[in-house]
1. Quick one: which of Glu105, Glu93 is part of a helix (DSSP H, G or I), more than 21 Å from Ser64 (Cα to Cα) and of a type in the set (Asp, Glu)?
2. Can you pull out every residue in region 1-41 that is at pLDDT 85 or above and among the hydroxyl-bearing types (Ser, Thr, Tyr)?
3. Given the criteria surrounded by fewer than 15 Cβ atoms within 10 Å (Cβ to Cβ) and within 22 Å of Arg8 (Cβ to Cβ), does Leu71 qualify?
4. Which condition does Ile81 not pass, out of (1) modelled with pLDDT of 95 or more; (2) over 22 Å from Ala2 (Cβ atoms), if it passes all the others?
Amino acid sequence: MARHAARRVALQMIYARLLGGEDCDSVLEGREDTLNVGEDEPFIHSALETTLQRGEEFDRVIQSLSPGRALERIPLLDRAILHLAMHELAKGEDSQSVIINEAVELAKRYGEDSDGRFINGVLGNVTRKHLL
């Protein structure tokens, strides 16, 4: 499975958790992406574990970088994308530009037109200010 597809799976599971679902694994049962997880399964589990453990920290960073918007007004999808990207930035396994570009692509694919710009701005500030 390509890392891009693994990111889609992880994003959907993180999003399900943010919506209040405890068992986010069941969200994707039988879907094409999950049938071919293979070697990327550790990436997905690591992303889920980290975003569960550091979710509040990630939310504080998001809030500090978007002071004009209450955290509750930031769409859950954007927060899920940011949590996933912040996990990846903290691990440092891919280049920062690749991680940010992938996050922006996820926002464009699943979100509103302006979501990509918001994601890019927040993550750009995270990397410039070394917040993770």
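The values are calculated or read from the model by the stated rules, or taken from the named source; none is laboratory data. If you're wondering where the values come from, they're calculated on a predicted model, not measured in any experiment. In this analysis, Cβ positions are derived from the backbone assuming ideal geometry, glycine residues included, and neighbour counts consider all displayed protein chains.
1. On the way: Glu93 fails: part of a helix (DSSP H, G or I).
Checking each option against the conditions leaves just Glu105.
2. Tyr15, the sole residue that qualifies.
3. Working: surrounded by fewer than 15 Cβ atoms within 10 Å (Cβ to Cβ): yes; within 22 Å of Arg8 (Cβ to Cβ): no.
So Leu71 does not fit the description; no.
4. Condition not satisfied by Ile81: (2).
Condition check ((1) crowded, with 16+ Cβ neighbours inside 10 Å; (2) within 14 Å of the chain's Cα centre (by Cα); (3) at pLDDT 95 or above; (4) more than 18 Å from His4 (Cβ to Cβ)) across all residues:
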position: Arg54; (1), (2), (3), (4): yes, yes, yes, yes
position: Arg60; (1), (2), (3), (4): no, no, yes, yes
position: Ala85; (1), (2), (3), (4): yes, yes, yes, no
position: Glu88; (1), (2), (3), (4): yes, yes, yes, no
position: Val98; (1), (2), (3), (4): no, yes, yes, no
position: Ala103; (1), (2), (3), (4): yes, yes, yes, no
position: Gly121; (1), (2), (3), (4): no, no, yes, yes
position: Gly124; (1), (2), (3), (4): no, no, yes, yes
position: Leu132; (1), (2), (3), (4): yes, no, no, yes
